[in-house]
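**Q** Before we start, here is the structure in question, set down as structure tokens.
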Amino acid sequence: MSQAHRDTLYVEDARILAREAFDGDQVILRLHAPQMAARARPGQFAHIQCDSCLPLRRPISIMRVDAKAGWADFLFKVVGEGTRRLAERRVDERLSLIAPIGQPFTYQLQHRRPLLIGGGVGMPPMIFLAEEMHAVTGAYEPLVILGSEVPFPFQSRPSQLLVPGLPEGVIAAMPLLDDWRVASRLASLQGYPGTYEGYVTDLARAWLDGLDAAARKEVAVFACGPHPMLEAVAALAEEYHLPCQVSLEEFMACGVGGCAGCVVPVETPRGPAMQRVCVDGPVFDARSVFPPA
């Protein structure tokens, strides 16, 4: 019997088209990887060889793709030897990658007011998802809330888009999203100008409280970020009776489901199970990972 995951992954020799470094040891690489760019969906990731002397690849979420031009953007933070070596790579060098991997986010037209929440290196899937929703002209009105405790990997600017219900003075936005006419706001505890002083979930709560009952029924929540943030987002969605999907971050060895080194406990219709973040996820229904008390 054929298996659904076969013939969906590609090993590709990608060329670095551009490299941009930001404060907080953050780097964005643009890679020419046409096979991946033609097939990638928001929430999926690539398993990238950082250096020929390091046997294990690193899983990095896809932030943007251009299927026609054949490129993809990746944002990552230097946290160890592998990402340090990856950050040192230069334009025109080549990287081996396996992609696209994993279950992507799914969404429906009945939820035309999606709430996208990204924290730290969990921001890229939210940007990718916002761009895909934006491409469905007029169908969705997403709000993207991004949080970071290091400088954001872009120069924020006052938003041109009004978002009712948010605290006065919270106007900082990601320029790329603003240019797409996708509303975004930023949250941090670092006192950045125009940024909400608090957690992403507190800012999300303010927005939800500003919606009437009919509008709130049109909301679905999507999130990626550190585990404590995802747990808080799942609790918020449960409180407001909103569907919620979360993309988990986990250490991985093979990245393709063979080693089972990234398993997490998940509630299924048949009871508790251990599932692999790399191929059974990384996107899960929030209730399956964070069951309501």
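**Q** Cβ contacts < 7 Å: first residue of a type in the set (D, E, K, R), restricted to region 205-224; second residue surrounded by 16 or more Cβ atoms within 10 Å (Cβ to Cβ) and modelled with pLDDT of 95 or more, any location; separation 6+ or different chain. Result?
**A** Here the result reads Arg205/Leu236; Arg216/Leu208; Arg216/Tyr240; Glu218/His111; Glu218/Arg112; Glu218/Arg113, each pair linking region 205-224 to a residue that is surrounded by 16 or more Cβ atoms within 10 Å (Cβ to Cβ) and modelled with pLDDT of 95 or more.
**Q** Let me ask something else about it. Restrict the check to region 161-175 and report whether at least one residue is surrounded by fewer than 21 Cβ atoms within 10 Å (Cβ to Cβ) and either under 21 Å from Lys77 (Cα atoms) or within 19 Å of the chain's Cα centre (by Cα) (or both).
**A** Within region 161-175 (the criterion being surrounded by fewer than 21 Cβ atoms within 10 Å (Cβ to Cβ) and either under 21 Å from Lys77 (Cα atoms) or within 19 Å of the chain's Cα centre (by Cα) (or both)), the answer is yes, since at least one residue qualifies.
**Q** Report whether or not Gly119 is of a type in the set (Gly, Ala, Ser), in contact (Cβ under 8 Å) with a residue 24 or more places away in the chain and not assigned by TED's automatic domain parsing to the domain that holds Gln35.
**A** Against the criterion (of a type in the set (Gly, Ala, Ser), in contact (Cβ under 8 Å) with a residue 24 or more places away in the chain and not assigned by TED's automatic domain parsing to the domain that holds Gln35), Gly119 qualifies.
**Q** Oh, and also: Do we find that Val136 is out of contact with any Cys (no Cβ under 7 Å at 6 or more places or on another chain), farther than 29 Å from Ala187 by Cβ and among the β-branched types (Val, Ile, Thr) in this structure?
**A** no
**Q** Any chance region 235-247 includes a residue that's within 18 Å of the chain's Cα centre (by Cα), of a type outside the set (Ser, Thr, Tyr) and part of a loop (DSSP other than H, G, I, E, B)? Before the answer, list the steps.
**A** Here is the first cut: in region 235-247, the residues within 18 Å of the chain's Cα centre (by Cα) are 237, 243-247.
Retained after the next criterion (residues that are of a type outside the set (Ser, Thr, Tyr)): 237, 243-246.
Retained after the next criterion (residues that are part of a loop (DSSP other than H, G, I, E, B)): 243.
The answer is yes, given that some residue of region 235-247 is within 18 Å of the chain's Cα centre (by Cα), of a type outside the set (Ser, Thr, Tyr) and part of a loop (DSSP other than H, G, I, E, B).
**Q** A further question follows. With the structure loaded, tell me whether Ala87 is closer than 29 Å to Trp180 by Cα, surrounded by 22 or more Cβ atoms within 10 Å (Cβ to Cβ) and in contact (Cβ under 8 Å) with a residue 40 or more places away in the chain or whether it fails that test.
**A** no
**Q** Could you count how many residues in region 157-188 are farther than 17 Å from Val200 by Cα and β-branched (Val, Ile, Thr)?
**A** Of the residues in that region, 1 qualify.
**Q** Do the conditions hold for Ala214, that is, is it surrounded by fewer than 19 Cβ atoms within 10 Å (Cβ to Cβ) and in the same structural domain as Glu168 (by TED's automatic domain parsing)?
**A** Criteria met by Ala214.
**Q** Now for a separate question. Of these, Val144, Val150, which one is outside any loop (DSSP other than H, G, I, E, B) and either among the basic types (Lys, Arg) or assigned by TED's automatic domain parsing to the domain that holds Leu230 (or both)?
**A** The match here is Val144.
**Q** Next question, about the same structure. If you go through region 180-198 one residue at a time, how many are surrounded by fewer than 20 Cβ atoms within 10 Å (Cβ to Cβ) and either outside any strand (DSSP E or B) or not assigned by TED's automatic domain parsing to the domain that holds Gly165 (or both)?
**A** Here the count works out to 9.
**Q** I would also like to ask the following. Which members of region 12-43 meet the condition of being exposed (fewer than 15 other Cβ atoms within 10 Å of the Cβ) and either in the same structural domain as Ile127 (by TED's automatic domain parsing) or in contact with a Ser or Thr (Cβ under 7 Å, 6 or more places away or on another chain) (or both)?
**A** Scanning region 12-43 gives a single hit, Asp13.
**Q** Sticking with this one: Filtering region 68-84 down to residues that are surrounded by fewer than 21 Cβ atoms within 10 Å (Cβ to Cβ) and among the aliphatic types (A, V, I, L, M), which residue is modelled with the lowest pLDDT?
**A** In this case the residue turns out to be Val79.
The values are calculated or read from the model by the stated rules, or taken from the named source; none is laboratory data. Just so you know, these numbers come straight off a predicted model, no measurement behind them. All Cβ positions, even for glycine, are placed from backbone atoms using ideal geometry, and neighbour counts span all protein chains on display.
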